[in-house]
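The values are calculated or read from the model by the stated rules, or taken from the named source; none is laboratory data. Note that the coordinates shown come from a computational prediction; the quantities given were computed from them, not determined experimentally. For neighbour counting, all protein chains shown are included, and Cβ atoms are generated from backbone atoms with ideal geometry for every residue, glycine included. Heads up: the accessible areas ignore ligands, DNA and RNA and are worked out on the full protein's heavy atoms, side chains in. Shrake-Rupley method; radii C 1.70, N 1.55, O 1.52, S 1.80 Å.
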Amino acid sequence: MNKHTRHMESKLSTHEFKPGIISLFVVLAIALFMRMLSYSSVTANGGITFAGYDSFYHMRRILYSAANFPDYLHFDSYLNYPFGFEISWPPLYDLLGAGLALVLGAGNPDTHTVEFAGALLPVLLGILTLIPVYVAASALFDRKVGFLSAAVFALMPVHIYISQFGAADHHVAEVLFSTAAYAFFILALKRAKETSLSLAALKGLPEEKKLMEPVAFAGASGVCFALLVFTWIGAPVYIGFILLYFFVQATIDLKTGKKSEYLFICSAASLLTALLVSIPICAGAVRPGLEMSAMFLSWFQVFYILALLAGVVLLGRFSIYVSKKGQDWRYYPALILLASGAGLFLLRSFSIETYGLVIEAVKYFSGIGGFTGSISEAQPLFFTSEGKFTLSSMLGNFWLCFPVAFVAFFLLLLAWKGEKLRSDRVFFLLWTVFAAYLTLSQRRYSYLFSVNVAFLNAYFIMTLFESLDFENEVHKLFSSLKRTGNAPGNAPVDLPEPVREAGRKAKAKIKTKSRAIKAQKSKIEASNPDYFKLISALSLVIILLGPSVWIVSGYSKETTVVEGEWQESLQWLEASSPETSYYQEPAEIPEYGVLSWWDYGNWIVYMAKRPAVSNNFQTGVEDSARFLISDSEQEARDILDKHNVKYVITDTYMARGKFGHIAGFAGKTIEDYYDIKTVRNNAGLQTYASPKKELLDTEIYKLHELDGANLGNLRLIHESTDEDLETKRTVNSRENKVKVFEYVPGAVLSGLSSPGQPVRAELKLKSGSRDFTYYNSAVADEAGYFEITVPYPTENTAANADTGVYAVSAYSLTAGENSTLGIQVTEKDVMEGNKIELDFSTNNK
């Protein structure tokens, strides 16, 4: 055997894959590439069009903070118009975006630089999340699983959605800070056990540097928890998980006869640090009248963390008491649960408001109650808002990583039983159950569960590799490729010369030579790879992770939710309507507002720079819903007057697909407006919906489907066109038309006709290349008197044909067989509500 062969065999037997810097940089590069796939769609129109709905309001705050750093927008008069709205979002994400813009713009960024920074920020935070993912997985398993976890996480569709270029939303920061906090806590638990951390050992903390590590890790966890408080209003739920874990782990320790002092030190250090860092953050954000609100940064978060710390102290002391007294371990969980139930009962008795807050918080995170039923992202993972079972959300968010994660979870339970069930691993298992519950309850929390899914899939892949001896097979493959000479398995045997001579001299030694040859061949064959194992393992990995690239690339092509029709219409509104005041400093009430459905409020505020009655915070949503389904023109006018509305915007989705949700917010059901029948035919069960008269009487139907017919105070002034738009969306095979209406006093056509006679006014109009007829009607009273309010002038405005709507005829008025033609109405008549007297008593034709 030559030296090269012996060296290779030695290397094969001792080599073990250890991910290095180059491997990690490759994963980071893949993560960056996947998150930048949306760049072309986000920048398709020459500017930056952000993804989703909330991104637009984050950008409004980022622009404000970039101009007023480090101040941030906490009240906005452009929301919930004309009352304004207190913003509940904590500001850290927006301050990070503004800070990045100031860096990129050398302290004086223009709007494009700020928007680019806002679009880039989620990419940077998403890539940074790979670090705590790698650290936590390495601590729980080993560096190989840590590396694989980062690789799986880099390709996880649901995390890419929230961290891709243009997704300017704080969800990516939630994942970063919560994962970092839990990663540091896991390190603290692991090092605490390894260093035998105890209360007695803390006395020698200055001399024992190794004892500093778990305490320092716990403190770092607390800092990350405080940053999470400054980022996400739901942070208390993730911080409160520490107390839940303390209770479970202390129970396990009592059962196994172990002390829980390490657990108390780590938990207390983490929460104490979070408390100390949160105090100045919350103190600077407290608002008058909201000093203890859980929905805003306030003293609530401080007292909440203080309560958690007190809970850790009490649970810890009780655990020590049960241990010292030698009581049965079952007393501990039983008495704690009994005391918790009693405490909740007392809370309900003495503070129904606080009790209600606790119950509402549970309902909120469980997707029960409130407005969550009308929000698609707040539905359970496997069910639609109609209660139908679906796999689309699970597959779109995780692909097959979701079911694999559950298989891996149960494999872990088997692998970690007994002595292998360390405290940090208990934390991970409980964390996984907690995150899975949130995700199953509301699909929008899938991004939080993505970390756990990455860990579990990495463990599953590594378990598969080990069962197939994948690592060794890979080494065999590379060594066979490096071998010179004949193909693997047929390499010539290099025997020592003395053996050859012995073979020629003695027959007995020839047998020895033959055995040596066979042994050598056996070794060579053993070093040949098993291609079946290699292909099997790689195929499963490709099936598991490969489609993620396809899913994300397809999603990235249509990242922007804002359709071309809406972009064009809002740009028109900004350019063609009177500018409103205080946009940059929204402390005062601007001149007028815009009413549409709440889905589009953030777009209206950011792209049209106009105040919105309702927006994605669901402000003003009840009045918007009542207006849209109202069958009373007077009620509709009262709502518009209440909110000082000048423009109403509708689209095809509101008139059709979203109508059921709109009705729900107004206290109605879809059955109030449609006859719904389910019949069985050759195609299976089919549902048919026939509109009722109640639907035809609604404001949204008259506006969008009839161009404002039978309405006297709302006139169509613009509708979107798909010409020159790159994207054309359809609803029921029709383009999603966006229409803008102006609320005006209206000119009043009045006069005398026969008593009880229906009177109808008509006007022919043109919108771009489309002709349509406006009409409105009334019934003459007992004296024969009638009034019809009309919103359009008949003055020649054809010069505005490219941007608006104009008349191509005069008004005609018809009452039975009588008619009057050529009725002229000026813009002044419309805007001042002037009366135009007419008389049918002479039977004009």
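Just a few scattered comments:
- Two-site FRET efficiency, Gln327 against Leu430, from Cβ-Cβ distance with R₀ of 22 Å, rounded to 0.05: 0.35
- Using a probe of 1.4 Å, the accessible surface attributed to Ser769 totals some 100 Å² when neighbouring protein chains are kept in position.
- Heavy-atom accessible area, probed at 1.4 angstrom with all protein chains present, ranks Thr678, Thr698, Thr789 as Thr678, Thr789, Thr698, highest first.
- Cβ-derived FRET efficiency at R0 30 Å, Tyr582 paired with Val103, nearest 0.05: 0.55
- Gain on full stretching of the segment that runs from Glu837 to Thr687 - 0.36 nm per residue minus C-alpha separation: 48.9 nm
- Accessible area, probe 1.4 Å, largest first, for residues Arg330, Arg656, Arg444: Arg330, Arg656, Arg444
- Shape of the stretch 38-102, Cα gyration tensor, a/c cut at 1.5: oblate
- Surface composition of the stretch 740-794: carbon plus sulfur atoms contribute 52% of the solvent-accessible area (1.4 Å probe, protein chains only, all chains present).
- Residues of the stretch 558-597: accessible area per residue with a 1.4 Å probe, Å²: 42 Å²
- Accessible surface for Lys255 stands near 130 Å², nearest 10, in the context of the full protein assembly shown (1.4 Å probe).
- Residue separation of Ala200 and Leu314 scaled by 0.36 nm, minus their Cα-Cα distance, works out to 39.1 nm of gained length.
- Rounded FRET efficiency, nearest 0.05, which uses the C-beta distance separating Ser376 from Leu706 and R0 of 22 Å: 0.15
- If you take the Cα centroid of the stretch 392-425 and the Cα centroid of the stretch 83-112, the two points sit 38 Å apart.
- Share of carbon and sulfur in the accessible heavy-atom surface of the stretch 103-204 [1.4 Å probe, %]: 65 percent
- Largest first, the residues Lys835, Lys693 sort by 1.4 Å accessible area into Lys693, Lys835.
- Legend: residue pairs Lys255/Lys324; Lys646/Lys764; Lys388/Lys677; Lys609/Lys646; Lys646/Lys828, Cα-Cα distance threshold 19 Å; pairs beyond threshold, Lys646/Lys764.
- Surface accessible to a 1.4 Å probe, Ser576 within the full protein complex, Å²: 60 Å²
- Using a probe of 1.4 angstrom and keeping all protein chains present, the accessible surface of the stretch 222-348 works out to 46 square angstrom per residue.
- Of the GluC sites (Glu not before Pro) in the stretch 577-659, the ones in a loop by DSSP (not H, G, I, E or B) with at most 10 other beta carbons within 10 Å are Glu588.
- Sorting 275-285, 118-128, 292-302 by average packing, meaning the other beta carbons within 10 Å per residue, from highest down gives 118-128, 292-302, 275-285.
- Taking the protein heavy atoms of the stretch 233-298 in the context of the full set of protein chains, the accessible area attributed to carbon and sulfur is 72 percent at 1.4 Å.
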